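Q: Handing you a structure now.
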Amino acid sequence: MTITGEDTRTYGYTDLPALMGLMTGDEKHGPAATSTLDVLWVLYDRVLRVGPERMDDPGRDRFLLSKGHGPMAYYAVLAAKGFLPVAWLPGFGSYDSPLGHHPDRVLVPGAEIGSGSLGHGLPIAVGTALGLRAQGLHEPRVWTLVGDAELDEGSNHEAIAFAGPAGLEALHTVVVDNASASYARPGGIAARFEAAGWSARTVDGRDHDALYDAFTAPHPGRPHVVVARVEPKNA
């Protein structure tokens, strides 16, 4: 639960559908938004060490939304957590709104990257983790959220292959799997990461306790991936 700075309301998980309902713009990626809702809530409510008062703190955790298309759930969670005013939500997608169809880090408080061009978030997260390590900042953790179809992009596999041998323990990836990828992977998504030296968990992407346990599982010396399975997008 979080009290926003704009009013005295307290927003929780059950308020998220109503907050998303305020965004009535011409959204083409509704399933992409709803598939990420529970992952985003558990991260921002229980895991990430970041808040509106720490957006510029060098010691904050970094969350990079790579699956930037369909950002309604992301905006709703940011509003619920006080990063941006709830009053912004009805303007989603309009010409003069800061809340575009892809998040813009210059316009959206709390957004670490501009995203939506698939395949960029995980490589940027690898670079962020390396940069923090080079600066001697060992407490901040780096999280990125990608979609299963996004793993069709080769840039992700270069990042996966590099991060394991590099021992990027600060790096965490969540793959929201709604069965939309074009290409199957032998052994499943988690096996691809494990082959490159990652720690991996696969859980129900709607089960908040299972997500929390997977997100907080120890993985000394290795990057960590959580595959969050949700209903197929065409179900």
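The values are calculated or read from the model by the stated rules, or taken from the named source; none is laboratory data. None of the values given here were measured: they were computed from a predicted structure. Neighbour counts run over all protein chains shown; Cβ positions are idealised from the backbone, glycine included. Areas reflect the complete protein model, heavy atoms only, side chains present, ligands, DNA and RNA absent. Shrake-Rupley method; radii C 1.70, N 1.55, O 1.52, S 1.80 Å.
Q: To one decimal place, what orientation-averaged projected area in nm² is obtained for the convex hull of the Cα set of the chain?
A: Orientation-averaged projected area of the Cα hull: 12.0 nm².
Q: Evaluate the distance, in nm, between pseudo-label points positioned 7 Å from the Cα of Asp209 and of His157 along their respective Cα→Cβ axes.
A: Distance between label points: 3.9 nm.
Q: Follow-up. Give me the percent of the accessible area of region 19-229 that comes from carbon and sulfur atoms, probe 1.4 Å, all protein chains in place.
A: Answer for region 19-229: carbon and sulfur cover 52 percent of the accessible area.
Q: So for Thr10, Thr144, what's the accessible-area order with a 1.4 Å probe, most first?
A: Thr10, Thr144
Q: Leaving out ligands and nucleic acids, note down the accessible area per residue over region 140-235 with a 1.4 angstrom probe, in whole Å².
A: In whole numbers, region 140-235 has 42 Å² accessible per residue.
Q: For the full complex of protein chains and a 1.4 angstrom probe, list Asp56, Asp104, Asp213, Asp15 by accessible area with the highest value first.
A: Result of the area sort, largest leading: Asp56, Asp213, Asp104, Asp15.
Q: Additional query: Work out how much length Thr24 to Arg185 would gain on full extension: take 0.36 nm times their residue separation and subtract the Cα-Cα distance, in nm to one decimal.
A: So the extension gain works out to 54.3 nm.
Q: If you don't mind, there's one more thing I want to ask. Subtract the Cα-Cα distance of Ser97 and Ala217 from 0.36 nm times their separation in residues, and report this length gain in nm to one decimal.
A: Using 0.36 nm per residue and subtracting the Cα-Cα distance, I get 39.4 nm.
Q: Of His102, His157, His219, which has the most accessible area and how do the rest follow, probe 1.4 Å?
A: The ordering from most to least exposed comes out as His102, His157, His219.
Q: Also: Ignoring everything but the protein chains, give the 1.4 Å probe accessible area of Glu112 in square angstrom, nearest 10.
A: Answer for Glu112: close to 40 Å² accessible.
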